[in-house]
Amino acid sequence: EPFVINGGVIRPEKGYNGWIFDVAINREKQVEDASPRYASRISNLIVKGFLYGENDFSGLAYNGIRVKSWRLYDYTYFSVMENVDFFRPDTAIYLSGHPESGMSNSWHWNNITIDWTMHGIYLDEKAAGHVFTNLILQPNTRKPAGEKSIITVAGRYNSFNGVIWDIHYEHSIHLLPTAAENWFSHMGRVDIYEKFVLDESAYKANNVFSTSNPWEP
């Protein structure tokens, strides 16, 4: 059912590798017209992983929030996540859906800080229509050489408007070949194609990078 979480500090135990929030829509024997339109909210929250030392990653195991539809025709709609700070997550936000039809979409993510993350944000092929505004991203400076993206997008119709990061390596955004009709604006850097996109073939599939209004590329 719709839920509201407002305020608090969550301190995962050392070595905890689960999800702090695992939002799973799982309605049985329902048809598309009966699918729920959720209006949930998570706001004013700090999730603080442990910091044991520069090269000690034992406190860097927890994951932030996963939104997933587990069955056909199950959807998550119209929810808000606002003023949330993830410190030292492995993956902060993972949005997914049922491989056939169910999807996670239409969430508004506003004023989200992701600090010292390994993987940051991942939107799979069934994550559509999410809106991210006022993101602050700090990647982990000790990430392995092959782990260079802090935003990975495989879905469609997602919008990132206003993103600030303290960058320690060239690549930050990974657009998979299925990514299309996504909008990126006010990213803080203008040479985004040359420096920050791993898959150049994907961003040419109607993904738009703009320094103006995201709806006026």
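Nothing in this text is a laboratory measurement; each read-out follows from the coordinates by a stated rule. Model, not experiment: these values are computed from the prediction. Every residue, glycine among them, receives a Cβ derived from its backbone with ideal geometry; neighbour counts consider all protein chains shown.
Results, tabulated for the structure shown:
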{"quantity": "Approximate spin-label separation Asn44-Ala205, in nm, with each point projected 7 Å along Cα-to-Cβ", "calculated": "4.2 nm"}
{"quantity": "Derived scalar couplings ³J(HN,Hα) [the stretch 201-206; Karplus, 6.51 cos²θ - 1.76 cosθ + 1.60; whole Hz; x for Gly, Pro]", "calculated": "5, 6, 5, 6, 8, 6"}
{"quantity": "Simple spin-label estimate for Ile164 and Val4 in nanometres, 7 Å along Cα-Cβ", "calculated": "3.0 nm"}
{"quantity": "Nitroxide proxy distance, nm - points 7 Å out along Cα→Cβ at Asp22 and Asn111", "calculated": "3.0 nm"}
{"quantity": "Protection proxy ranking, peptides 130-136, 12-18, average beta carbon neighbours within 10 Å, highest first", "calculated": "130-136, 12-18"}
{"quantity": "Glu82 long-range amide H proximity, modeled H, under 5 Å", "calculated": "Ile42, Ser43, Asn44, Asn110"}
{"quantity": "Gained length - His186 relative to Glu125, 0.36 nm times residue gap less alpha-carbon distance", "calculated": "19.6 nm"}
